[in-house]
C-alpha cells in the first residue's frame, strides 16, 4: 500500500465508543485505512466489528496494549503500508490530525511523529501530569531529545519502523521504546494536537497501574534500555 496510512486501533471492551470512533475516522479521514485489534474483549466489541464489517484482528485472549499493537504492526507490514498510526478506540484521539502528522513525517523525514498536547501549551500542574514531566525529563537526560508528550498514545510510524516493530517483539508502544529508538538514531518529531477525555469504555490503566507504569517506564529508560 504505497503512501497509504493504516490506523491501528487496539480495543479492549470498547463496545460503548468503538462504533462512533470508527465512523468519525471514516468521515474525517476517508483515505486512512484501519484495523481493529480486538484484544480478547468480553463485551460486544467483536460483534460490533462483525456487524459493521470493520476489518478486525480477533485475538482470543487479552494480551494488553503491546500485544495488540504488535499484531497491528505485523498486519501493516504484511499489507505493505507506508505509514501506521496508533489510534485509540475510546474516542480520545481526533482523526483530523492524521494528515498533519503524515505531512510532518514527509517534510522532516521523521520515522516517528507523536501527536503531542504540549508542543504549544504547558502541562498543567496536577498529579496526572507529574509522571509525564518526570518521563520527559528522563528522556531528555538520556537521549538529548525533548519529547513534550512522551505518554501520548497517538504515534505515527514510517515503513522502516513498521518493519522493525513487526519483527522485534521487545519493542512496545511506550516511552521507553521511543527513547531507545532515539538513541539508536531514529528521528522523532511532534505535532500539536488536542485530545478528548475518555467518557466510556475500559482503560488499560487505572490509578494503581498508572503509578506502576510510571515507575516501570522510568526504570526501563534509565537502566534496562541501555543493555538492548
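Rule-based calculations on the coordinates, nothing more; no lab input. On a predicted model such as this, the values are computed, not experimentally measured, just so you know. Because the Cβ atoms are built from the backbone with ideal geometry, glycine has one as well, and the counts that use them run over all protein chains shown.
The figures follow:
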quantity	calculated
Antiparallel DSSP beta bridges within the chain, as percent of all bridges there, nearest 5	25 percent
Gaussian network model of the chain, springs between alpha carbon atoms under 10 Å - residue of 36, 147, 119 with greatest fluctuation	119
Per-peptide average of other Cβ atoms within 10 Å, ordering 37-50, 10-23 highest first	10-23, 37-50
Stokes-Einstein D in µm²/s, Kirkwood radius over Cα pairs - the chain at 25 °C with 0.890 mPa s viscosity	138 µm²/s
Value of relative contact order over the chain, rounded to a whole percent, pairs C-alpha under 8 Å and six or more apart	25 percent
Additional length obtainable on full extension of the chain from residue 168 to residue 137, 0.36 nm per residue less Cα span	8.5 nm
Simple label model, 7 Å out from Cα along Cβ direction - residue 53 to residue 4, nm	1.6 nm
Dimensionless Rg ratio for the range 56-165, taking C-alpha atoms and the 2.2 N^0.38 Å reference	1.16
Three-way shape call for the range 30-81 based on the alpha-carbon gyration tensor, with the a/c threshold at 1.5	oblate
Gaussian network model of the chain, springs between alpha carbon atoms under 10 Å - residue of 26, 167, 184 with greatest fluctuation	184
Residues in the range 147-164 reached by a label modelled at residue 216 [backbone nitrogen below 16 Å; 7 Å Cα→Cβ]	151-153
